[in-house]
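Here, each number is a calculation from the coordinates, and none is a lab measurement. Bear in mind that the values here come from a model prediction, so they are computed numbers and not experimental data. For neighbour counting, all protein chains shown are included, and Cβ atoms are generated from backbone atoms with ideal geometry for every residue, glycine included.
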Amino acid sequence: MSVDQATVRRIARLARIRLDEADLPQMQDELNAILSFVEQLEEVDVAGVEPMTSVTPMAMRMRPDVVTDGGDVVSILANAPVSEDGFFVVPKVVE
Amino acid sequence: MSDLTDLTLAEARDALKARKLSSTELTQAHVTAVENARALNAYVLETPELALEAAARSDARLARGEGGPLEGLPLGIKDLFCTRGVRTTACSRILGEFKPTYESTVTANLWRDGAVMLGKLNNDEFAMGSSNETSCFGPVVSPWRRRGSNVHAETGEGIVGQHLVPGGSSGGSAAAVAARLCLGATATDTGGSIRQPAAFTGTVGIKPTYGRCSRWGIVAFASSLDQAGPIARTVRDNAILLRSMAGHDPKDTTSADIPVPDFEAAVGRGVKGLKIGIPKEYRLDGIPAEIEALWQRGAEWLRDAGAEIVEVSLPHTKYALPAYYIVAPAEASSNLARYDGVRYGLRVPAKDVIGLYEETRALGFGREVKRRVMIGTYVLSAGYYDAYYVRAQKIRTLIKRDFEQVYASGVDAILTPATPSAAFGIGEKGSADPVEMYLNDVFTVTVNMAGLPGISVPAGLDSQGLPLGLQLIGRAFDEETLFAAGQVIEDAAGRLTMPDAWWT
């Protein structure tokens, strides 16, 4: 399988990465090189094989459902590029 | 003073305990070495004041007859580990001047045991790379040079040869250890990022079993594959460091709740009676004859030390790398979604919030990271998920099953080459085709896919005078056998003489 330029544009949009039109052909070539490399996986017979979900068998640990963390606005906002009154600031989302 | 940086971590530990040496002297010697080695670009942030303060505290503890297992030992920290109040960037522009307000569990464990931080080490951006060339701080220069090369810190007339890569992604860690800019370093390994740079720089590096070290506070790349581990100059030093780094952490649900053995005690255990497997599928076409020969020699060393050598089969080996290039980018695209210009790091203003995300990520991510995020986005997208992602996870099951069958047949560990070549020159690989660079991890990536432990031990020099490593792969949570067998290889090969400091 290979991707055309419209697909590269769509992937970039989904990935939230702005891509210059001038960069499209090179990105397309690189993505196609990777996709052609992984194509060999098609020759493996995977009938009846379960997809891996956990590399080591591990039961999820339970703990009491209580608050263990939080209430630390100052440290959470410490690295924010823009914040105000204890909130992160973003461009207007809802009109 | 420069002799102090030549000590192994174990030697320095013993000298400190015996009060023959102070941590302040030891740390100052390393601080000076780091300052004089900026041409290597191994450190992206030096923290000499913090180091000397910590060393003074260690000296006070040692004077009282106290101190942890790593008391007063200066280490370098890969810039993927969050360090409280100390800039942590994953060597990506998108994290900017990010200063964590918390400490990663692994580094917290090191400080608990008394270690001293010299600074933050360079790596490939978000650990995506095999040569440390994708870092936003620029490439790391390996302290190794090809035989006959006289490259040094400055370039100019009459220079023969070129600067080499230290491997990646933990290139800063490996270069710093080889150049004696720290006694040991933290590193991480998602597809080979500890073992490949260790092999390229004549150092020892272990990727422990998935779950052995907590991932909490380590910048995430591919969560089902990422593991932290040490790089140091000897097998023993690795064992000492891993014991402190490892341990259960309730903050990482994939962290294994099992006791951490005294790894150092396993170092001298030998391999008598062990069965070591040689996987026939690792005999790849186009592998240099020197690497074949080295692999053969490694098997003989282990046989001479009393191990039984058997041929084994891992039939799905060739599919590990392509499956990895679906699984790892898929997880990366999801993990890196958090870099949105809102909560931390770089922000490029735009008129709406989608524009803010897109502009921030366009400027903040480097080329390799964008490529992987996009591949990951594609293989997870509607209509392709089953064909790529689910199929790759099924193949991962088969890869793990291969190993399980070999271990079930009584094999204790598997011996392979660590890398398909020695170190290459900066700019030499992967500029036209990204897959050329990916092939570096062909021998190491299977281990991550199966969650197993793997150690890379230097085993000799090639005809260019560059180090080559051998890899030992163990059963899950049996790092001890790797330390025992690794020590046999280290003893047989003889410890490499690290290069003289041409970079100052």
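Quick notes on this one:
- For the protein assembly as shown, the fraction of C-alpha pairs more than 41 angstrom apart is 20%.
- For the range B:97-233, radius of gyration divided by Kirkwood radius, i.e. Rg to Rh on alpha-carbons: 1.00
- Look at where the Cα atoms of the range B:265-290 and of the range B:49-93 average out, and the two centres are 36 Å apart.
- Springs between Cα atoms under 10 Å define the GNM used for chain A, and in it the highest mean-square fluctuation of A:Val55, A:Val73, A:Val46 occurs at A:Val73.
- Counting, for every residue in A:28-36, the Cβ atoms of other protein chains within 10 Å of its Cβ and taking the mean gives 5.
- Distance violations [Cα-Cα > 32 Å] among B:Lys207/B:Lys251; B:Lys318/B:Lys370; B:Lys275/B:Lys394; B:Lys78/B:Lys351; B:Lys251/B:Lys400; B:Lys20/B:Lys275: B:Lys78/B:Lys351; B:Lys20/B:Lys275
- Computed helical MRE - 222 nm, chain A, DSSP H runs ≥ 4 contributing -39500 (n - 2.57), nearest 500: -9500 deg cm²/dmol
- DSSP-defined antiparallel bridges as percent of all bridges, chain B, nearest 5: 70
- The separation of the range B:376-433 from the range B:445-482, counted between C-alpha centres, amounts to 15 Å.
- The Cα trace of the range A:9-95 gives Rg and Dmax of 22.7, 57 Å, the first to one decimal, the second as a whole number.
- Note, ³J(HN,Hα) from phi for the range B:373-389, Karplus 6.51, -1.76, 1.60, rounded to Hz, x at Gly and Pro: 4, 6, 4, x, 4, 5, 5, 9, 7, 3, x, 10, 3, 5, 5, 9, 5
- With 5 Å bins from 0: P(r) over the range B:1-160, alpha-carbon pairs, percent: 2, 9, 16, 18, 17, 16, 11, 7, 4, 1, 0, 0
- Value of [θ]222 nm, deg cm²/dmol, for chain B, DSSP H segments ≥ 4, -39500 (n - 2.57) each, nearest 500: -10500 deg cm²/dmol
- Average partner coverage of B:427-440, which counts Cβ from other chains inside 10 Å: 2
- Net +/- balance of residues flanking B:Gly171 in space, Cβ distance below 10 Å, scoring K and R +1, D and E -1: -1
- More than 33 angstrom apart: percent of Cα pairs within chain B: 33
- Per residue, the average separation of C-alpha pairs within less than 8 Å and at least 6 apart gives the range B:425-504 a relative contact order of 23 percent.
- Note on the range B:17-43 and the range B:141-220: Cα centroid distance 18 Å, given to the nearest whole angstrom.
- With both residues required to sit in the protein assembly as shown, DSSP beta bridges show an antiparallel share near 70%.
- Peptides ranked, highest mean first, by Cβ atoms within 10 Å: ranges B:257-269, A:80-92, B:76-88: B:76-88, B:257-269, A:80-92
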